[in-house]
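The numbers here are math on the coordinates, done by the rules we state, and not lab data. It should be emphasised that the depicted structure is a prediction, and the values quoted were computed from it without experimental measurement. Cβ placement follows ideal geometry from the backbone for every residue including glycine, while neighbour counts extend to all protein chains displayed.
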Amino acid sequence: MDNIDWPTLIFQMIWIFLLILLFTGGNQKIQMKLWSIDIRNKLKIIRKYLEDDQRKIENYMRNLGMDAPSILVKRIINYFTIEPVDIEPTDIIKRMDHLIQTSERTIKKIIADQLPDVGVYERSLVETGLAIISVINSIYKVVLHYLLTSEKEHNWVLLMQLQLIMPQILRLVETYHESLDPFLHGKPIGDTAGAYVAYRLVEEGEIISHKIVEDTSIFEVRLDDRRIYVIKAKGPGSNVGRPGIVLAQLVEELKGNVDLVITVDAALKLEGEKRGEIAEGVGAAIGDPGPEKIAIERATTKYGIPLKALVIKMGLDDAINAMKKEIYEACERTYEYVRKLIKEMTKPSSTVIVAGIGNTIGVP
Amino acid sequence: MIDLETLIILIVTATIMLIILTYLEFRKKPKKPEYITKELLECIKCNYRLEQDFEPGDFISMYKRKCPRCGGLMKIKAIYAVEKSFKHHI
Ligand SMILES: [Zn+2]
């Protein structure tokens with residue numbers, strides 16, 4: 001043993017060490033540590049966004065004359081709505097609608113009580129701003145929950161899955177984080193497309209009557225020798241209204257004497273589809289949890305009214321951020337399309353309902 | 001049998017590869033385009049149009065300012081975001 005081959009020995013040792021790691025699962029522990037560091041770094045970014053946004057909205061409320069906005073923020077971002085029982089589907093829509101309405105009304109009331117001297121417009125911006133923070137907050141809490149659980153249970157599969165979807169989650173949070181600015185300043189967003197198309201019909205036509213029901217505007221307009229009822233959320237605050245319920249009521253009021261119903265909405269595009277593409281189809285183009293959509297379907301089915309849908313394609317980041325020029329141009333094209341469709345499908349002096357679905361922020 | 005030189009070469013290669021991998025991982029991702037919100041104003045008398053920066057609280061159909069050509073009222077026709085061009089940066 002006088003000439004030991006040290007390099008070979010070191011090499012063999014490294015191999016043995018690696019083998020021991022492999023058989024005892026030690027390599028997994030190192031991997032887990034790396035994953036967990038990566039997730040923690042991304043969580044830190046989410047945390048920073050959350051704190052920034054919270055500060056922004058608190059300043060906004062302070063400017064509106066509120067003394068201690070942080071208490072209100074804390075109360076609203078932890079507000080929850082429990083989903084209705086779905087193993088017994090009888091009147092689930094009614095129950096769901098009741099829960100959604102109660103939740104919305106309560107939040108509106110809490111904010112109105114705290115900001116009594118502020119107009120509806122500013123209040124609607126605060127409501128939406130708080131809703132955005134609440135989304136980011138719940139994403140943060142859920143990710144943290146899975147991180148801590150997987151670490152505690154040494155569940156490397158869970159941790160790996162979390163690490164793999166973290167970039168996607170981070171992008172989602174970034175999208176929400178960026179959407180606070182248009183909402184606090186009252187800029188139209190991509191989702192405003194439907195409401196904007198409806199507004200264009202009102203702008204171009206001759207207004208015969210106008211009423212507001214449940215935060216939703218109904219315009220009776222004469223255009224192209226047809227009677228057109230235009231339904232859209234009441235603007236220019238951040239508001240989606242109740243277009244489905246109002247449309248159903250209107251159809252009943254007209255005793256079903258409607259020749260065509262068109263719904264216009266923004267729709268999420270598939271990856272690879274172009275932003276601002278217009279697609280035509282059949283059905284109710286509306287993305288609510290159910291009550292509004294079913295109201296439109298039931299009303300049109302009851303009287304056998306053709307139900308058409310026009311959608312403007314966009315990504316989620318386009319939909320909740322300031323409306324991009326391409327989408328604005330698509331809205332103008334959609335407006336022309338609606339007029340063409342009405343002329344194609346109905347005879348002069350028919351009655352048509354056009355519902356512009358979506359948040360009407362920045363559009364009256 | 002491995003001599004010391006081969007071992008050193010192996011370790012050096014491994015280190016270089018690690019550095020390259022780390023560099024690729026942290027390499028700057030393509031920057032997201034920045035957007036700036038503009039509003040399109042149209043004179044209700046002479047239809048003169050002009051584009052200016054959006055101001056908080058503005059909304060479509062709002063009467064904003066006097067027309068520079070005929071003095072009539074100008075209405076906000078549209079509000080949209082456009083990509084910030086490089087000219088804006090400089
Ligand atoms: Zn003018």
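Numerical summary
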| quantity | calculated |
| --- | --- |
| Among (1) under 30 Å from A:Arg105 (Cα atoms); (2) in contact with a helix residue (DSSP H, G or I) (Cβ under 6 Å, 6 or more places away or on another chain); (3) without any contact (Cβ under 8 Å) to a residue 40 or more places away in the chain - the single one A:Tyr60 does not satisfy | (3) |
| Qualifying positions in segment B:58-76 - under 24 Å from the mean Cα position of the chain (by Cα) and either more than 22 Å from A:Arg200 (Cβ to Cβ) or within 11 Å of the ligand (Cβ to nearest atom) (or both) | none |
| Members of segment A:184-220 that are within 14 Å of chain B (Cβ to nearest Cβ), part of a strand (DSSP E or B) and within 30 Å of A:Lys269 (Cβ to Cβ) | A:Ile189, A:Ser217, A:Phe219 |
| Failed item, numbered, when A:Lys255 is tested on (1) of a type in the set (Lys, Arg); (2) within 14 Å of chain B (Cβ to nearest Cβ); (3) on the phi > 0 side of the Ramachandran plot | (2) |
| Residue among B:Glu42, B:Glu55 that alone is acidic (Asp, Glu), within 14 Å of another protein chain (Cβ to nearest Cβ) and within 13 Å of the ligand (Cβ to nearest atom) | B:Glu42 |
| Residue that is in a helix (DSSP H, G or I) and either among the basic types (Lys, Arg) or over 21 Å from the mean Cα position of the chain (by Cα) (or both), where the choices are A:Met61, A:Met96 | A:Met61 |
